[in-house]
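Notes for the one structure printed next.
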Amino acid sequence: MSTTTQRPTAADSRTTGKAARVLGDRRLPVLVTAGLFLVMYGVGLSRYQNYGFAEAQVFLNLFIDNSYLLVAAVGATFVILSGGIDLSVGSVIGFTTMFTAWLVERQGLPIVVVIPMALAVGAFGGFLMGYVIQNFEIQPFIVTLAGLFLFRGLCLVISKESISIGDASVSSMAQTQVSLGGAFLSIGAIVALVVLAAAFYVLHYTRFGRRVYAIGGNEQSALLMGLPQGGTKIAVYTMSGFCSALAGLLFTLYIQSGDPLHATGMELDAIAAVVIGGTLLTGGSGYVIGTLFGVLVLGLIKSLIQFEGTLSSWWTKIATGVLLCAFILIQRAMTSRRKT
Amino acid sequence: MTTTPRWRALTHHHLFWPVAVLVILLLVNVPFTPDFFAIKMTDGHLYGSLVSIVLFGSPLILVAVGMTLVIATGGIDLSVGAVVAITGALTCSYISDQADQSALSGVFLALGIGLAAAIVCGLWNGFLVARMGIQPIIATLIIMVAGRGVAQLITDGQIITVNSEPYKLIGGGYWLTLPFSIFIVAAVVAVTVAITRRTALGLLVESVGGNAEASRLVGIRSMRIKIMVYVFCALCAGIAGLMISSNTSAADGNNAGLWIELDAILAVVIGGTSLLGGRFSIGGTVVGALVIQTLTTTIYTIGVPTQTNLVFKAAVVIIVCLMQSPKFRAKVFGAKFGGKRAAVPAPAETAPAAEASPKMEVS
Amino acid sequence: MAEPLPVLEMTGIVKEFPGVRALSGVDFRLFPGEIHALLGENGAGKSTLIKVLTGVHSLDGGTITLSGTTVRFASPSQAQQAGVSTVYQEVNLCPNLSVAENIFIGREPTRFGRIQWKRLRREAAELVDRLGLDIDVTAPLSSYPLAVQQLVAIVRSVGTGDADGQGAGTKVLILDEPTSSLDRDEVLELFALMRRLKDEGVAILFVSHFLDQIYEVCDRMTVLRNGTLVGEHMVRDLDQVGLVQLMIGKALDQLEELHDQQLHSDVGELLLKADGLGRVGGIAPFDLEIKKGEVIGLAGLLGSGRTELARLLFGADHPDSGKLTIGGKQVSMSAPNDAIAAGVAFCSENRKTEGLVPDLTVRENIILALQATRGWTRPIPVAQRDELVAKYIKALDIRPANPEARVGQLSGGNQQKVLLARWLITQPKLLILDEPTRGIDIGAKAEIQKLVVSLSEEGMAVLYIAAELEEVLRLSHTIGVLRDRKLVAQLANGPEITTTRILETIASGEHQ
């Protein structure tokens, strides 16, 4: 028995028009980004048909060339979903390249030993930042800014010079190609896709993942609903530190050197990818799949510009900025609709 | 006995700690460089560590002064580094296109174009923050990302070098035995102090940052004020951009002003302006910027490898922020110290205050 | 009929805050299958009692017994585990998640750590269905209006312990002002849910400022005043007038005639006219006229719409209907600026959040409103500024008499005076004072009331809101009576108007 009869229409009566309802759908930004990707890819196909754009390898290269960015952006997605921000991403990546190169080349440690060490250092750095953010109530922006300085500084402490890696196992790992029919993926790309899948599972099928959304939606409520909000927050930053370190390893593999200036400013690329992928910067709404499309769109911009030949690399930044702006305004339109 | 209240008044002055840190940093140099405080006159120019600290710190002071006002309204501007690059790029590319690069009219026009671009960036940031209601970090991120691309677009990815005597004066010239940029900084700081303290702007900025809802209810038009401070901040960054490109006689779209936004924010925080907005201190910010520059110089002179500079900076950020965090002070120094800033409510009001928030003490 | 054993019994509850005894020896009991109203004016200790019960605040004295065992909760989640759930006035859910998730988050059914979405949705749907609600559990919470969100919050708290079999199931449900922003239909729906839960044996503690609602849905009530228990009654045994007396703390026949003070009679021409001004969820459309030199007092219980009415007149909130004319000109009500320009000043009851800028000095806070009207380019000349500030510090006896002192460090009464000075300096035509005497000492109270009288003699109109009826009665030419978000009566003050009369009007909602 129902006490009310009009309730089923409650949701509809609130959303007045069709347009408003479409704007209110949380999946809309992801679809827009996916659509944007397809359109851009279509434009690439029609323009550079004769230059081999249609080859499957060109498409797969998007994954190979952006594997590290994808992993970093997945970490950033967790942080942003929880309503925070992590500026230390680029520095942790840069640090990991240096740390790995130094241990492998200068200390002669085997790469299999170095990998867990690097991941542990990154995760611990993230944990520390999360701990300070949670326990001393300092804005994430400032704490991770300190992290940015610290890890970039540690890079320079290790060495001011770039260290190239000649280790045989590293280069064989870097050159391994996983064949997919006529084209191939690198180990880095495979790892990135595995991370993506794992992140998707964690966010949608574990209590921890749902807590991340809850905290991003309304931290105060999450607290009053009895969710362990502090631990979740620290875990999110730890995760981001871990992802950054993993991205650093992939970057090392990709570029086969450590350099104190590697990945400078990559936190901006990661944040841009997350936002373009439709995740609200205020937290609580978004999908890690959107982040994949965000990374792909950024990667596609780069390869389109390469194919164009006459366009210079800085158009990448400008295009990223324009997209960022467009998506921030879309987000704004969505959130203001929801509030009223 | 009579000195005690005076000493208290001194230590409680808002500039005491920043200045103390600065003085200590300066003194640290003396054992390593005995003539640290010496100032020599060579070729009619004054030289010395103190002069170079101010000279090299000039762009940072400018950017940090603009940033102070933005932070005082409760905002933040991440785009200043990009604005530095754009301004330098536009100005230098205009000058380099001139037949006579030293023609005054051309240089002035170039300065005008560069600063106009900075103002446009500021208007855009202000529009997004005040009008569209987008969080400042996010709104200014757009120009932070795109701005460097624009700067490189202007310079065509090259480092544009110019050979213009009048332009060189701004960041590398001397006047009355001192670097000219020191005069520019002095002028900007003086103008800022005058605008904020001789008019009511400073009061209204502090009010908006200190309590936005109360400000709305007394009829302050906070939208205008916010747009104004973002424009002012961008203008300061533009002047810093002129200074940096003039000093090297070159515009580098990629590296000019890199990370200056972070240094500027740090300078503001060291200077005692809270990141939450409200009370601000231009003097504190200037001292804060000098502290950062002195830190860099000190690390260099005492023979610590320069690459640890960033690690030190990270340590400073963390310490300053922890000291500003009431929760940290409460944990470390006990309730007495921690409660100092969070004004103890009058007894009679405790009960309603406690009723109002269901959030307290839940953990 | 013998009473069953209470499910919850609180005895001799004491809670102290620095300098204040918020609860002194309060007893409270709650029986299974009843709806029990907790009543009291602002500061009576209702919220504190609830917070002590749910473990938000620690207990300073007394015992809490739940189903016969003594308990002491360290946190709300512990209380929830034991079967004591709370739903607050503000919906504490996550609007970005689906209804089903909001019901189950934190205790989702899992298998090997994997959330079983199908089972979760099914159980949520069953729970919602069992409680007679018709809500699509897969829709995001934000797609529903606040009222439904509130129902979901109740469903969540009732559902505690269902999924994994942990916890005891809800025995006590606390509803803290759930109805304050709901319309009539929504309230009825909420009541239906409450009655259903009551039939299932849940004990419900209900806090509301709407007297009608209490008489409609509650079985028993407990009245608190100033942190002490005033009485526990069956609702059917106590009429509304009796209840209001209990809450305010004076029996009607004992009230003295306090307004012996002669009100001046030179009320001037019309200053302000509100025509059907109203705001959904705030206050029902009302008509009001204010004349120059007139003091209008607003009387009504907490939450009756006093503040909402004042905020509409000032443009602090946007009205949904009606128009406002000040000095013959219609005022556009987009922002307070328009009202300020027309000569309206507003001292909010929330001095800290809506009034003062705590980091600024006394002087800066005092000149803020005047400066705002002048714009930033025309600062008040230093000499004139200091003279004005000194004058008002002296006139209002603000202590410390130091214009450089930070306002955040002043006592409540002095903060209130700073706020008053801020507006007086602008020489407004209408001064709105919302609870200007709350939380300040007796001396300051008397001073502020004297000031109101002298201001009105000088021709300033004053809208005066106070919880204490005597205050309103003593100062006002006209008394507007509010009840349940409606302006129910406007009484011209005179010898025949007594606090009794006002109380009756509040209690009955009718103008006799």
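The values are calculated or read from the model by the stated rules, or taken from the named source; none is laboratory data. Treat the numbers as computed from the prediction; the structure is a model and nothing was measured. Heads up, the Cβs are rebuilt from the backbone with ideal geometry, glycines too, and the neighbour counts pull from every protein chain shown.
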Open item on the list: Against the conditions (1) hydrophobic (A, V, I, L, M, F, W, C); (2) within 28 Å of C:Thr86 (Cα to Cα); (3) touching a residue at least 40 places away in the same chain (Cβ under 8 Å), where does A:Phe200 fall short? Just the number, please.
Closed with: (2)
Task: the stretch C:388-445, subset of a type in the set (S, T, N, Q) and within 13 Å of chain B (Cβ to nearest Cβ), residue surrounded by the fewest Cβ atoms within 10 Å (Cβ to Cβ) - done: C:Gln409
Task: The one condition in (1) closer than 30 Å to C:Asp359 by Cα; (2) away from chain C (no Cβ under 14 Å) that B:Arg221 fails to fulfil - done: (2)
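Mind checking whether some residue in the stretch C:447-467 is within 18 Å of the chain's Cα centre (by Cα), among the β-branched types (Val, Ile, Thr), closer than 21 Å to C:Val344 by Cα and not in a loop (DSSP other than H, G, I, E, B)?
Looking only at the stretch C:447-467, we keep the residues that are within 18 Å of the chain's Cα centre (by Cα), and these are C:464-467.
With the extra rule that they be among the β-branched types (Val, Ile, Thr), the set shrinks to C:465.
Subsequent filtering for residues that are closer than 21 Å to C:Val344 by Cα retains C:465.
Subsequent filtering for residues that are not in a loop (DSSP other than H, G, I, E, B) retains C:465.
Yes: the stretch C:447-467 contains one or more residues that are within 18 Å of the chain's Cα centre (by Cα), among the β-branched types (Val, Ile, Thr), closer than 21 Å to C:Val344 by Cα and not in a loop (DSSP other than H, G, I, E, B).
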Task: Pair list, Cβ under 6 Å, 6 or more apart: the stretch C:342-362 residue within 7 Å of chain B (Cβ to nearest Cβ), other residue in a strand (DSSP E or B) and modelled with pLDDT of 90 or more - done: C:Phe346/C:Ile432; C:Ser348/C:Asp434
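Quick check on this structure: which one of A:Ile142, A:Ile133, A:Ile165, A:Ile138 is under 24 Å from B:Glu261 (Cα atoms), more than 9 Å from every other protein chain (Cβ to nearest Cβ) and surrounded by 15 or more Cβ atoms within 10 Å (Cβ to Cβ)? I'd like the intermediate steps shown before the answer.
Details: A:Ile142 fails: more than 9 Å from every other protein chain (Cβ to nearest Cβ); A:Ile165 fails: under 24 Å from B:Glu261 (Cα atoms); A:Ile138 fails: more than 9 Å from every other protein chain (Cβ to nearest Cβ).
Only one candidate qualifies: A:Ile133.
Out of C:Leu475, C:Leu482, which single residue is more than 24 Å from C:Asp397 (Cβ to Cβ), touching a helix residue (DSSP H, G or I) at 6+ places or on another chain (Cβ under 9 Å) and buried (at least 24 other Cβ atoms within 10 Å of the Cβ)?
None of the other options fit; the residue is C:Leu482.
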Task: Whichever residue in the stretch B:206-218 is out of contact with any Pro (no Cβ under 9 Å at 6 or more places or on another chain) and among the polar types (S, T, N, Q) and, among such residues, is farthest from the other protein chains (Cβ to nearest Cβ) - done: B:Ser215
Task: Residue under evaluation C:Ala383, criteria (1) within 13 Å of chain B (Cβ to nearest Cβ); (2) surrounded by fewer than 17 Cβ atoms within 10 Å (Cβ to Cβ); (3) farther than 28 Å from C:Glu471 by Cβ, criterion not met - done: (1)
Open item on the list: Tell me yes or no: at least one residue of the stretch B:204-211 is assigned by TED's automatic domain parsing to the domain that holds B:Asn125 and in a loop (DSSP other than H, G, I, E, B).
Closed with: yes
Task: Qualifying positions in the stretch C:77-91 - surrounded by fewer than 22 Cβ atoms within 10 Å (Cβ to Cβ) and closer than 30 Å to C:Ser143 by Cβ - done: C:Ser77, C:Tyr88, C:Gln89, C:Glu90
Task: Number of the condition not met by C:Leu370 [criteria: (1) in contact with a helix residue (DSSP H, G or I) (Cβ under 6 Å, 6 or more places away or on another chain); (2) at pLDDT 90 or above] - done: (1)
Open item on the list: Just checking, does the stretch C:161-169 include any residue being more than 13 Å from every other protein chain (Cβ to nearest Cβ), at pLDDT below 90, touching a strand residue (DSSP E or B) at 6+ places or on another chain (Cβ under 8 Å) and surrounded by 19 or more Cβ atoms within 10 Å (Cβ to Cβ)?
Closed with: no
Open item on the list: Looking at the stretch C:404-425, can you tell me whether even one residue there is touching a residue at least 60 places away in the same chain (Cβ under 8 Å) and acidic (Asp, Glu)?
Closed with: no
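Quick check on this structure: which one of B:Thr68, B:Thr87 is in contact with a helix residue (DSSP H, G or I) (Cβ under 7 Å, 6 or more places away or on another chain) and under 21 Å from B:Gly283 (Cβ atoms)?
Details: B:Thr87 fails: under 21 Å from B:Gly283 (Cβ atoms).
Result of the check over B:Thr68, B:Thr87: B:Thr68.
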- [ ] Please state which one of C:Leu419, C:Leu503 is outside any strand (DSSP E or B) and modelled with pLDDT under 85.
- [x] C:Leu503
- [ ] Mind telling me which of the residues A:Ala222, A:Ala174 ends up being part of a helix (DSSP H, G or I), within 14 Å of chain B (Cβ to nearest Cβ), at pLDDT below 90 and crowded, with 16+ Cβ neighbours inside 10 Å?
- [x] A:Ala222
Task: Restricting the stretch B:180-205 to residues that are touching a residue at least 24 places away in the same chain (Cβ under 8 Å) and polar (S, T, N, Q), the residue that is farthest from the other protein chains (Cβ to nearest Cβ) - done: B:Ser181
- [ ] Report, by residue number, each residue of the stretch C:265-309 that is buried (at least 22 other Cβ atoms within 10 Å of the Cβ), among the charged types (D, E, K, R) and part of a loop (DSSP other than H, G, I, E, B).
- [x] C:Glu294
TODO: State which residue is surrounded by the fewest Cβ atoms within 10 Å (Cβ to Cβ) when the search covers only the stretch A:299-338 and only residues that are more than 17 Å from A:Ala272 (Cβ to Cβ) and at the interface with another protein chain (Cβ under 7 Å from one of its Cβ atoms).
DONE: A:Ser312
TODO: Could you pull out every one of the helices (runs of 4 or more DSSP H) wholly within the stretch B:255-363 that has 3 or more residues that are at pLDDT below 85 and facing another protein chain (nearest Cβ under 7 Å)?
DONE: B:309-324, B:350-356
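Here is a list: A:Met266, A:Met239. Which entry is more than 13 Å from chain C (Cβ to nearest Cβ), in contact (Cβ under 8 Å) with a residue 40 or more places away in the chain and over 29 Å from C:Cys94 (Cα atoms)? Break it down into steps so the answer makes sense when it comes.
Working: A:Met239 fails: over 29 Å from C:Cys94 (Cα atoms).
Within the list A:Met266, A:Met239, the selection yields A:Met266.
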Open item on the list: Residue pairs, Cβ under 7 Å, 6 or more apart or interchain, first in the stretch C:277-304 and under 22 Å from C:Leu39 (Cα atoms) and assigned by TED's automatic domain parsing to the domain that holds C:Leu475, second of a type in the set (S, T, N, Q) and surrounded by fewer than 24 Cβ atoms within 10 Å (Cβ to Cβ). List them.
Closed with: C:Gly281/C:Ser181; C:Leu302/C:Asn42; C:Gly303/C:Ser180
